[in-house]
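Trainee: Before I ask anything, let me first share the structure, which is written out below as C-alpha cells.
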Amino acid sequence: MGQIIKAEKILVRAPNWVGDVVMATPAFRCIRENFSDAHITLLIKKNLRCILDGSPWFDEIVELKPKIRQSKKGVFSLLKVFSCNIKESSGLIKKLRRGEYDLGFLFPNSFSSAFMMWAGGVKKRIGYKRDARSFLLTDGIERLNEAGKFRPTYMADYYLKLCAQPGCRTGSKKLELFVSGECEAMADELLRKYNIYRKPFILINPGASYGSSKCWTAERFAKTADLLSEYSGCKIVLVCGPGEAELANDIEGFAKKSLASLSKESVTLDVLKALVKKCSLLVTVDSGPRHLAVALKRPVVVLMGPTDPRYTESEYEIGKVIREDVECSPCHIKTCPTDHRCMKMILPEKVVQACMDYI
C-alpha cells in the first residue's frame, strides 16, 4: 500500500438507499480514521440524514433536496420543473466550489453524482467507472468482473475499495449506527402507547421501497405474525415506511391475533433505529431495516427473492436469510414480470421456524 495522499478538505457523496448508507458506515469510519485532521463534508439526501445522526465522522452535512417531479401534464409544466431543478443544482454547485475540496469520494454509481462533484471543482475525484462517467473522475476504479459481467460484491467491501484508492488503511468491516437518548425515549413512548413498554416484542417490517418484487403477501405476513404470537410469547409490532399504510392495514385485516400496527404513527428513520435496537427480533424482506439490525447487533430473519445475496451477506449478521432457489433469481427486476415464484415459494411456517432459533 502506498502513502496516503494529503487532503485538508474532503467531500463524501453518500449512497441513495437506506441499506446502502448503513453498509457504507465502515467506509465513512475509515475516511475519518485516515484523515483525522481534515474537514469532512457529507453530501446526502435529506430523508436519509437521520440514519447517520450521532456519528462522529463528519464535520459538516449538506442535505440534497429531492428533485421536483412533474405533477401536471404539458410543456409549460415540464419546463417549470426543469428550470427549478437546474436552479437547485446550480446553487449546490456554487456551494461546493466555495468549499474548495481537495478530495471527493463518490459512493453512488450515477453519472449525475460524478458531474456534480466535477462541476463543484473537487480536485481529486474517486469513484467507480460506471454510467459513462470515467472522464469526470480523476481516479476511476474498475469494478470486479467474472465471465464478462460485474461480480456481485458485498457493498461494505465495495465502498471500502474507494478508500483504498488514495492509500487509506481499512480496518473493521462492522456496520455502525448511533441511537440518541431522545429517539429511544420517542420509541419508548410509542411502545407504551400500544402497551408494549418493557415487554419483549418482534418487529415486522413488510415493505420495500425498491419495488414490489421484494415484497411478500399480506396474508403470509399475517399468518407469520399469528404463529409468532402463539409460539414465542412475544408481542408483535408492525412498522411500515411512507406510502405503505395500505399494506399494514391488509396485514391487520388478515391477522387473527392482535398486533400493534404503527402504520398511523410518524415513524422516522431515527426512531426506527431505536425500535430495531429494542426489539427481540426483526422480520423483514431484503430492505433497509435489515441493515439497521446488523449495525445494531439485533437478530434478523430476512425473506429474500429477486436479489443476489452476495451484495448483502455479512459475517456480522445475526439471523438467517430465507431464499428459495428458483431458475429466474436473482433478476434484480423491481416488478416481477411472471409469477413472483421466488417470494411465493417462501412459506410462513418456514419463516417462523427460523425465527424461533433467535428468540
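Trainee: Residues that are over 19 Å from the mean Cα position of the chain (by Cα) and at pLDDT 95 or above, at least 2 per element: which helices (runs of 4 or more DSSP H) completely within the stretch 257-359 meet that? Spell out the reasoning first.
Mentor: Numbers: elements: 269-278, 288-295, 341-344, 348-356.
Output list reads 341-344, 348-356.
Trainee: Given the conditions (1) within 23 Å of the chain's Cα centre (by Cα); (2) outside the structural domain of I333 (by TED's automatic domain parsing), which single one is not true for C215?
Mentor: (2)
Trainee: Collect the residues in the stretch 230-256 that are closer than 21 Å to A274 by Cβ and assigned to a helix (DSSP H, G or I), keeping them in residue-number order.
Mentor: Of the residues in the stretch 230-256, the ones closer than 21 Å to A274 by Cβ are 234-242, 244-245, 248.
A245, A248 - these are the residues of the stretch 230-256 that are closer than 21 Å to A274 by Cβ and assigned to a helix (DSSP H, G or I).
Trainee: Can I ask one more? Which ranges mark the helices (runs of 4 or more DSSP H) fully within the stretch 107-226 that have 1 or more residues being at pLDDT 95 or above and among the aromatic types (F, W, Y)?
Mentor: Details: elements: 111-119, 155-164, 181-193.
Answer list for the stretch 107-226: 111-119, 155-164.
Trainee: Just checking, does the stretch 336-347 include any residue being within 16 Å of S209 (Cβ to Cβ), among the polar types (S, T, N, Q) and out of contact with any strand residue (DSSP E or B) (no Cβ under 6 Å at 6 or more places or on another chain)?
Mentor: There is no residue in the stretch 336-347 that is within 16 Å of S209 (Cβ to Cβ), among the polar types (S, T, N, Q) and out of contact with any strand residue (DSSP E or B) (no Cβ under 6 Å at 6 or more places or on another chain).
Trainee: Do any residues in the stretch 206-224 that are polar (S, T, N, Q) have Cβ atoms under 7 Å from those of residues that are in a helix (DSSP H, G or I), where the two are at least six apart or on different chains, and which pairs are they?
Mentor: Once the first residue is polar (S, T, N, Q) and sits in the stretch 206-224, its partners that are in a helix (DSSP H, G or I) give T224/P348; T224/V351; T224/V352.
Trainee: Here are L262, L303: which of them is in the same structural domain as K334 (by TED's automatic domain parsing) and surrounded by 24 or more Cβ atoms within 10 Å (Cβ to Cβ)? Walk me through it before giving the result.
Mentor: Numbers: L262 fails: surrounded by 24 or more Cβ atoms within 10 Å (Cβ to Cβ).
Within the list L262, L303, the selection yields L303.
The values are calculated or read from the model by the stated rules, or taken from the named source; none is laboratory data. All values reported here derive from a predicted model rather than from experimental measurement. Don't worry about glycine lacking a Cβ; one is built from the backbone with ideal geometry, like all the others, and counts go over all protein chains shown.
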